[in-house]
Amino acid sequence: MEVDMDGSLSYPTPPINLKDTADKHSRSKPLNIEEEQYIRVFYENKLQEVCNNFHFPHKIQATALIYFKRFYVQWSVMEHHPKNIMLTCIYAACKIEENHVSAEELGKGISQDHQLILNNEMIVYQSLEFDLIVYAPYRSIDGFVDDMEEFCQAKDDQPHMLKALHETARMEVDKIMLTDAPLLFPPGQLALAALRSSNEVHQVIDFERYLRNILSRQSSAHTISELIESLNALDTWARRYQFPSEKDLKHINRKLKSCWGLGSHDESKKRDKKSKHKSKKSSNETQHVASLAES
């Protein structure tokens, strides 16, 4: 507070800090909803790749995916690096499904520091509220295919056709697992949607008649129209699934690095450091050559 010439009191005008103003203008914008979704989609695909490379069972892959999806229902990718969370989810899924792989082994297999996996383990469990049991649709597919054998009273060629139906359905459910549908629909319906899509390819059974047969045997409160509506909704989820382009990913990754304080300023500092190191090295070499010449 200052006293003016007329005796009145006033607050001094704070000096303008040009650096703060520049920082404010250079501060990057956060990711929007679509960009966050794209980066999650990218790492969900990476999660499947890692599980396939380690030859983990589908159950582990499905469990890790659900963990990853549920984690980012509560958190933003701008708060926790999705790569680290992805690896921690795989590690946690291996534990829960009793297919234990050490963090060191997992980190070594993908050239990542295993400590990052362990550092995020507790926050993943807390974000999942320690609700770690996951029911995946793969076992449901197995059960439905066995049931179909009895339903259609498999003839000589049908076991082979059912096997093809089974394999295609597993691939279809892999696609569905990458959408948000597993958070909204029970595993049995995910399995039926995958089997129906597979049956459209192989034409093994009258699928609607099979659905009616299931409902009649179970005395279900749901009608056939309600079940078909759910399966149609799942088909829509699968069709709407979109993987981001390489251009989009590069743009989003730059924004994400800026959010974490790893923007172009940091990159330029690294380059400056490297150039200084090179110039220092060349200077030392020049001095060494000169001393040799003098001697």
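Bear in mind these aren't lab numbers, they're just calculated from the coordinates by the rules spelled out. Note that the coordinates shown come from a computational prediction; the quantities given were computed from them, not determined experimentally. All Cβ positions, glycine included, derive from the backbone under ideal geometry; neighbour counts span all protein chains shown.
The calculated FRET efficiency for D180 paired with E104, based on their beta-carbon distance and R0 = 35 Å, is about 0.60. Residues T88, T236, T168, T179, ranked from the fewest to the most other C-beta atoms within 10 Å, line up as T236, T168, T179, T88. Ranked by how many other Cβ atoms sit within 10 Å of their own Cβ, fewest first, the residues F130, F68 fall in the order F130, F68. From largest to smallest, the equivalent ellipsoid semi-axes obtained for the range 138-240 from the alpha-carbon gyration tensor read 21, 17, 11 Å. When L184, L162 are arranged by Cβ crowding within 10 Å, least crowded first, meaning fewest neighbours, the order is L184, L162. Here the dipole of the range 138-240 is about 200 debye; that uses its Cα centre as origin and unit charges on the Cβ of Lys and Arg (positive) and Asp and Glu (negative).
Pairs from the table (K83/K257; K29/K257; K83/K175) lying more than 18 angstrom apart at Cα are K83/K175.
Once the range 33-127 is represented by equal point scatterers at the alpha-carbon sites, with solvent omitted, what log10 I(q)/I(0) does the Debye formula produce at q = 0.11 Å⁻¹? So the normalised log intensities are -0.26. Given their separation in residues at 0.36 nm each and the Cα-Cα distance between them, I133 and T236 gain 34.4 nm when the chain is fully extended.
Its Cα centre serving as origin, the range 33-127 has a Cβ charge dipole (Lys and Arg +1, Asp and Glu -1) of approximately 160 debye. The length gained by stretching the chain between D147 and K29 to full extension, at 0.36 nm per residue less their Cα-Cα distance, is 37.1 nm.
The simple Förster model, with R0 at 25 Å and r as the Cβ-Cβ distance, assigns L249 and E79 a FRET efficiency of 0.80. Just so you know, the Rg over Rh for the range 91-162 is 1.26, from Cα atoms, with Rh as the Kirkwood radius. Quick one: if the Förster radius is 25 Å, what FRET efficiency do N213 and N52 give, using the C-beta to C-beta distance and rounding to 0.05? Working from the Cβ atoms, E equals 0.10.
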